[in-house]
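Participant: Below you will find the structure I want to go over with you.
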Amino acid sequence: MNDVTDAGAPAPVIPPPAKKRGGWMVPGGFIAAVGLAWWLGLVPSLGGETAYPSAAEQVVAPDFDRPTVDGVGRVRTADWRGKIVLVNVWATWCPPCRWEIPALASVYRTYRDQGLAVVGVSIDSDGPEKVNAFVQEHAVPYPVVMGDAGLIAAFGGVRAVPTSFLLDRQGRIVKKYVGLLPGPRLERDVNALLAQTPGQK
């Protein structure tokens, strides 16, 4: 399985606009409301870019070992063996990134006991303390680490955020979503991977 998915959201192109980042800030209640509306299918698709390697270029996700932004834990790709993993590249200044968090959190809570892992990779330039403050304020339930140019390049590059990569149990990148990822679409794709027997393509 190898797929390109236009997740159907306005994805800010990297780097962020020169506009003061404070202008991107959205009240927490509004984020939750928009996230719920998207989950229920009430927010229409607004388009976005897509790009993904051909089937012949399918790659295994890169290895990395990074501390979480709270300074307590670590995220190691070695710990993902046998799991289905969603790697979500995002930033606190990106509105679509913030809007999709409730859906990602819901799917994570539903399927984590069945073998789903989710990790956020922040490309914020202001450091882990600011990102951790956002994570704590919005009760993000999955681990978040800081990304950098090397890590992003190892995933094949990201031109816009949010961009998410779905990995199968063998650690292969089988789907790439560019733009805000609706919960039902992610849930469908996770279920399809969970239904596969180990080693099945």
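Where a number appears in this text, it was derived from the coordinates with a stated rule and is not lab data. These figures come from a predicted structure and were not determined experimentally. Positions of Cβ are backbone-derived with ideal geometry, glycine not excepted, and every protein chain shown enters the neighbour counts.
Participant: For R76 paired with R185, estimate the spin-label separation in nm (one decimal), with each label point 7 Å from Cα along the Cα-to-Cβ line.
Facilitator: 3.4
Participant: Give me the percent of DSSP beta bridges within region 57-201 that run antiparallel, rounded to the nearest 5.
Facilitator: The answer is about 60 percent antiparallel.
Participant: If you don't mind, there's one more thing I want to ask. Over region 88-189, calculate the relative contact order: mean separation of alpha carbon pairs under 8 Å at least 6 apart, over the residue count, as a percent.
Facilitator: Relative contact order comes out at 35 percent.
Participant: Sorted by packing (mean other beta-carbon atoms within 10 Å per residue), highest first, where do 143-151, 87-95 land?
Facilitator: 87-95, 143-151
Participant: I've got another one for you. So for region 52-201, if I pair up every lysine 8 or more residues apart or on another chain, how many of those pairs have alpha-carbons under 20 Å apart?
Facilitator: 5
Participant: Right, next: Note down the nm distance, to one decimal, between modelled labels 7 Å out along Cα→Cβ at R112 and at S125.
Facilitator: Going by the 7 Å Cα→Cβ label model, 3.3 nm.
Participant: Once amide H atoms are placed 1.01 Å from N in the peptide plane, what residues at a sequence separation of 5 or more from V75, or on another chain, have their amide H within under 5 Å of its amide H?
Facilitator: Distant-sequence amide H within range of V75: R66, T68.
Participant: Further question on the same structure: Tell me, what ³J(HN,Hα) does each residue in region 59-71 have, in order and in whole Hz, if you take phi through Karplus 6.51 cos²θ - 1.76 cosθ + 1.60 with θ = phi - 60° and put x for Gly and Pro?
Facilitator: Coupling constants for region 59-71: 10, 8, 4, x, 7, 7, 9, 9, x, 6, 5, 7, x Hz.
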